[in-house]
Amino acid sequence: MNSAVFEIGKFARLTLLWLCIIFGAVWGVSWSIGVLLPAVILSQSGESGRFWAQLLQALVPVVAVALFVPLNTCYMVLAERRLLALFTVRKGPNRVGPDGAFQTVADALKLLLKEEITPRGADLLMYTLAPVIFFAPSIIGVMPLLAAVSGNHPLFTPVNLPTGVFYILAVSSIPVVGVVMGGWASNNKYSLVGALRSAAQAISYEIPLLLSIITVCLLAGTLDFVQIADNQRGSLLNWNILGGGALTHLGIGSPWWSIAAALLLAACCILLFALYVICACAEVNRTPFDLPEAESELVSGFNTEYSGIKFAIFFLAEYTNLFIVSTFAAVMFLGGGHAPFPGLEDACISGLRGLLAAWFGACTPFQLGWLVNSLVNPATVSQVFWIIVKSYALVWFASLIRATLPRLRIDQLMDYSWKRLVPLALILLIAVTFLKELV
Amino acid sequence: MESLNLLTALAHVNVEQGFFYVLAAIAIPLAYGVVFDRNVIRSGFLLIGVFATIAGLFFLLQAQFLGLSQILIYGVGITLVIVIALMLTNARQETGMNPALPANVGLASFVSVLVFTTIYLSLRSAEDWPLKNESSLSLPPNIEMIGKHLMTYYALPFEFASILLLAALVGAVMLSKAEPASLANAGDEAEQAVDGTDRV
Amino acid sequence: MLGMVGRAAEGFYQVCRGLWTVFKHSGRPPTTKEFPDVMPELPGAFRGRLALAVNPETGEHLCISCRQCERVCPDKCIDITAHKSPQTGKLELIDFKIDHGLCMFCGLCTEVCPTSCIINTSDFEMSEYSRGALIYDLKRLTLSQEESAYYFAKKDLPPPKPKAKPAPKPEAAGDAGESLAQQPSDVSQQPGPKAEE
Amino acid sequence: MVPEMTEELRANKLKTDEMLINMGPQHPATHGVLRLILKLDGELVKHCEPVVGHLHRAQEWQGQNRTWFQYQALIDRVDYLSGMFTSWALARAAEKIDDVKVPLRAEYMRVIVAEMNRLTSHLLWLGTFGIDLGAMMGLPFYPFREREELLDLLEAIAGQRMMFNYIRIGGVQNEAPPGWFARLFKFTGSFPDRIDEYEAILSNNPIFLKRTKAVGILPRKLAIDYGVTGPTLRASGVALDLRKVKPYSVYDRLDFAVPVCNRDGDTYDRYMCRIIEMHESNKIIRQCIEQIPGGTADVLREKRKACSACGKANCPHCGGDLAIMVKKQNAGLRVKAGEGFAAVESPRGVLGCYIISTGSDTAYRIKWRNPSFSNLAVLPELLLDHQIADIMAIFGSIDVILPDVDR
């Protein structure tokens, strides 16, 4: 028993280490090119440097994403492997670095150094383009999430689109083109079948996914990430998964139909969340729906022929997509960066503020205090913390699903989507619209 | 897109124009590729590229919703279906044939020139394209605007479009459900002509 | 409709049950054996690398060159060189070669060995860079006294008779000498079940 | 459902191109080196041709060129997941020709190790079946954990984990080491709970049910026509289990049930059959440990210490039962002239061995009846009009070991 606890402790330690690396690096870099460097430029060259300062600031989201995506993938792959090891009573990778913390870095390096093989008869242009097309959306898809994750921090406000939700949905539909392209271009029948499956799957699961997201948007009344997250401020009861505040409006004297409607709305929203999780799993090809690369049937599906850096890119994009989908769910359903209990968030913020004051407040001159303040904003830190907890919890849940469930067959998959999920999504859409008015 | 705005404001140069030419420079070769590539599936993929660049043009015009819909529906959904349909047909037979008979070429070029001229003339006739100045469209939350217009001013075309789509769906179902006997026979002959090739 | 909802609920419950069962396992100690750090506890019967034991007490070689193992080996991976000593007229072992690249570790040679000389040790890490290095000669095969004592104890073998060597030797040597003619019928003096002519 | 869809497609003459796919010999899910030439219509299998022989090692021919003693060591490799059974079939055939009466204790030992081996085989099958169905990570490891314990036990008694070379003509190779029976008994106590855990993950999982129910239906008559045996046959409703039908060894003294489904078996029935069989094997092992003459090895050792003259065949103190082999074997082992056939119920079905002996130290002719070969033969019939994904489910469910097919 002790050794099991020990293993869980190791996993927690790894997670902590990697989160520090990821967010430390991203935050440090974005702060230095978004705040520090512009400040230096402005103080040096005055008005003429304004253009460069603003250009640098505008570049912050890009750099942040470019840093975040590979680092995050490194952690996610490692976490998945360690978690799967935990679930399957093994130990997982524990050789490279402390407790195997840098196993994925080593793996990535290995993949980069491997020979790239182009199969004979492959369409070289398409074959090369496919990983790019697969990967690009996951990079640009992360961007609007940055604003939501950081609590609309000034540095990331430029990427907070008023149509953020729609943007992500549109962008997340692109990778399937890469899959079909790669599958067709690699001149391998397994790849081709995988690609065709992927296309069919993506097209069918996009519909219930869209419908479920639209329902949430209706509930929230906006397509803006930051606003959706802000609407769920307060407590657990305000989260969209429980009807977006329908339960909090109830008082002692509410009429019975209002109470019933609120409870029903909450139930509908929980179903909606389940629907979203299922469709998201299908959208990012996670286990019960990992038909495009069904290993036991199609060798490795659409990426059978890929090797080296191209395969690495597929891999990177797949995990980034998983992260996007999880964060999306955290923002849409699980209250974004807000704590589940009312007091908790304030406690977090004031605690952090006290800590900062204790460390830097007393002994620093004004300039340094300003820097620190702009570096660590307690509200932002708390926001980032909660949203990260939620999205990684969802990622871990995906690992649990992967450890348990077998794979559906393609016709069952389509059946399930068109005959079960789409009607359910439509019913929920109508139900939520009506119930929302009733409450 | 807002960051793009920011850059525009900063640079004091017409970035939009630059981007327009870049996108056009990508789109036109891709479009030529769609027409001239001998590999049908490949030209299908190129079509996706064309749609994507056109979506980029929409973004330049501050029509976010249109651009995103373009990607979502045309770029991915419809074209992918086309590509898959092409994959299921016998591509080798297509590439084996020689469509470039002089008569075909003449007819095709005649039709294309005709179509191009028509479109060009119709575009020319409108002297001022009031895209940038129409404030209602250039406002950032233009989805709301589009929704309102669709439900009020353009309600009738919207309904027509939906009926058309419905009809298309029903037609597709009917087509795949039962083929007339004559068509089925024609299909038989076509199959006999095709060798049993295993390469798609 | 109601049935469908019921089935969906049932399916959901079963999926959750499976997920919970898997999740429970995260609290169980891992079964991984970290091999190079933690050596496995191998049973006495384990058939690893072949080796020649010596008498744990006196240190003299136990092999009597009877060639039983050489004959029984299905892979023919054992090669014994012996000659008749001119002084005593007994067989003397010159070299004993086992090609471990060919050996399939069936353990038959250890079963037929009359003096428990050839044994399967618990050693299984024997990778080499060349096939030639897998051919072990007499020197590499012979165990030290301590190792022999360890394996005799571990495998629960009858301890070799210390100075009874001259007594069985003429008999065994004679047996081996005849068997050099490769007549299987010679060996059948230790008959299998109902061996008959 | 799939078949109706194809009917409809055929009736409507919707044209699609057929695709020829070579599944294997190097494919992650063909369990070795089977090659399936598949003609696909979309994802539907229209024609399937298994190509076997990639692993042919002339095991029958080798029997004619190796002495009996040597051949016993080789024959484990035919069905590498259940080596005990191939050894046992060979031993029984040879014993039949030779009129050897195997000591009772040895018979019990044989049943114990064979049932353990059946468990390891079924456990491995369960894990790989999970992989075939796409449960890539979780399920495969749990059965392997239990299999590991069993293999450790088998290693302790036989010396190796897969190539046991333990069951010999005339008995078994050696006595169990001290504490072995206690360990085994402890394992059998906790094992049913473990099986329940696998069932909690799979048996009622809606996805699993969808993937297996009404997939790959093997009608009773077809199964009999093709000579399918083992759990695959019993899942189709034929109660053929040599342990029950023609009890050999000591199976007639043991109380166990043979799971038989009373309908045309689908993939799920075959799965269920094996799961129940694991329970039954567990029961058999427990009974054997309780019934074994002379008691467990530790008890036996004490007895032998007390009785100084137990070298005799009929010792009055410890009884003749305690012998584990008729006679110590050696290179000159011979079998009487004659011919004989003996079969055992291996995890995959009826495993038979036919021997012609001329009385020398090698066999004149050896012929094996391998269950996997016959079971594989029915695969094309089962796969027809199923999807690519079902190939793996069906192929996994009939549990074929390729070396057993090719010998």
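The values are calculated or read from the model by the stated rules, or taken from the named source; none is laboratory data. All values derive from a computational prediction rather than experimental measurement. Using ideal geometry, Cβ is built from the backbone for each residue, glycine included, and neighbour counts are taken over all protein chains shown. Surface accessibility is based on the protein's heavy atoms, side chains included, excluding ligands, DNA and RNA. Shrake-Rupley method; radii C 1.70, N 1.55, O 1.52, S 1.80 Å.
Quick look at the numbers
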| quantity | calculated |
| --- | --- |
| Filter result for A:V381 (in a helix (DSSP H, G or I) and without any contact (Cβ under 8 Å) to a residue 12 or more places away in the chain) | no |
| Within region B:21-48, tally of residues that are of a type in the set (A, V, I, L, M), modelled with pLDDT of 85 or more and open to solvent by 60 Å² or more (accessible area, probe 1.4 Å) | 4 |
| Residues of region D:260-294 satisfying the condition of being open to solvent by less than 30 Å² (accessible area, probe 1.4 Å), among the hydrophobic types (A, V, I, L, M, F, W, C) and in a helix (DSSP H, G or I) | D:C273, D:I275, D:M278, D:I284, D:I285, D:C288, D:I289 |
| First in region A:248-269 and more than 26 Å from A:A425 (Cα to Cα), second anywhere and surrounded by 14 or more Cβ atoms within 10 Å (Cβ to Cβ), Cβ under 6 Å, 6 or more apart | A:L250/A:I259; A:L250/A:A262 |
| Members of region D:140-165 that are open to solvent by 20 Å² or more (accessible area, probe 1.4 Å) and within 14 Å of chain A (Cβ to nearest Cβ) | D:F141, D:F144, D:R145, D:R147, D:E148, D:E149 |
| Identity of the residue in region D:166-179, more than 9 Å from every other protein chain (Cβ to nearest Cβ) and among the hydrophobic types (A, V, I, L, M, F, W, C), that ends up farthest from the chain's Cα centre (by Cα) | D:A176 |
| Odd one out for D:P103, checked against (1) more than 18 Å from the chain's Cα centre (by Cα); (2) modelled with pLDDT of 85 or more; (3) surrounded by fewer than 24 Cβ atoms within 10 Å (Cβ to Cβ) | (2) |
| Qualifying residue in region A:200-221 (condition: open to solvent by 20 Å² or more (accessible area, probe 1.4 Å) and in contact with a Phe, Trp or Tyr (Cβ under 7 Å, 6 or more places away or on another chain)) | no |
| From the options A:A398, A:A431, residue that is touching a residue at least 60 places away in the same chain (Cβ under 8 Å), of a type in the set (G, A, S) and under 30 Å from A:V26 (Cα atoms) | A:A398 |
| Qualifying residue in region A:51-60 (condition: of a type in the set (A, V, I, L, M, F, W, C) and under 20 Å from the mean Cα position of the chain (by Cα)) | yes |
| Conditions (1) buried (at least 21 other Cβ atoms within 10 Å of the Cβ); (2) polar (S, T, N, Q); (3) away from every other protein chain (no Cβ under 14 Å); number of the one not met by A:S235 | (1) |
| Region A:46-63: number of residues that are more than 10 Å from chain B (Cβ to nearest Cβ), modelled with pLDDT of 75 or more and surrounded by fewer than 18 Cβ atoms within 10 Å (Cβ to Cβ) | 1 |
| Failed criterion for C:G3 (all others in (1) in a loop (DSSP other than H, G, I, E, B); (2) away from every other protein chain (no Cβ under 12 Å) hold) | (1) |
| Some residue of region A:163-185 being more than 16 Å from A:Y306 (Cβ to Cβ), facing another protein chain (nearest Cβ under 9 Å) and at pLDDT below 80 | yes |
| From the options A:I241, A:I228, A:I259, residue that is among the hydrophobic types (A, V, I, L, M, F, W, C) and under 30 Å from A:R407 (Cβ atoms) | A:I241 |
| Residue within region A:208-219 that is in contact with a Leu (Cβ under 8 Å, 6 or more places away or on another chain), assigned to a loop (DSSP other than H, G, I, E, B) and farther than 30 Å from A:C348 by Cβ present | no |
| Whichever residue in region D:63-81 is farther than 15 Å from D:M163 by Cα and out of contact with any Pro (no Cβ under 9 Å at 6 or more places or on another chain) and, among such residues, is nearest to the other protein chains (Cβ to nearest Cβ) | D:W68 |
| Residues of region D:193-250 classified as surrounded by 19 or more Cβ atoms within 10 Å (Cβ to Cβ), of a type in the set (K, R) and either on the phi > 0 side of the Ramachandran plot or within 20 Å of the chain's Cα centre (by Cα) (or both), total | 2 |
| Selection status of A:G141, more than 9 Å from every other protein chain (Cβ to nearest Cβ) and on the phi > 0 side of the Ramachandran plot | no |
| Leading residue by the ranking (farthest from C:E92 (Cα to Cα)) among those in region C:22-68 that are among the polar types (S, T, N, Q) and open to solvent by less than 20 Å² (accessible area, probe 1.4 Å) | C:S26 |
| Residues of region A:390-406 classified as open to solvent by less than 30 Å² (accessible area, probe 1.4 Å), within 13 Å of another protein chain (Cβ to nearest Cβ) and of a type outside the set (V, I, T), total | 6 |
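Here is a yes/no grid of residues against (1) part of a helix (DSSP H, G or I); (2) closer than 30 Å to A:P406 by Cα; (3) out of contact with any strand residue (DSSP E or B) (no Cβ under 6 Å at 6 or more places or on another chain); (4) hydroxyl-bearing (S, T, Y):
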| site | (1), (2), (3), (4) |
| --- | --- |
| D:Y80 | no, yes, yes, yes |
| D:F85 | yes, no, no, no |
| D:A106 | yes, no, no, no |
| D:M109 | yes, no, no, no |
| D:I112 | yes, no, yes, no |
| D:T120 | yes, yes, yes, yes |
| D:L123 | yes, yes, yes, no |
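One line per residue, one yes/no per condition, for (1) in a loop (DSSP other than H, G, I, E, B); (2) modelled with pLDDT under 85; (3) within 14 Å of chain D (Cβ to nearest Cβ); (4) under 28 Å from D:A73 (Cα atoms):
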{"position": "C:T110", "(1), (2), (3), (4)": "no, no, yes, yes"}
{"position": "C:P114", "(1), (2), (3), (4)": "yes, yes, yes, yes"}
{"position": "C:E178", "(1), (2), (3), (4)": "no, yes, yes, yes"}
{"position": "C:Q182", "(1), (2), (3), (4)": "yes, yes, yes, yes"}
{"position": "C:S185", "(1), (2), (3), (4)": "no, yes, yes, yes"}
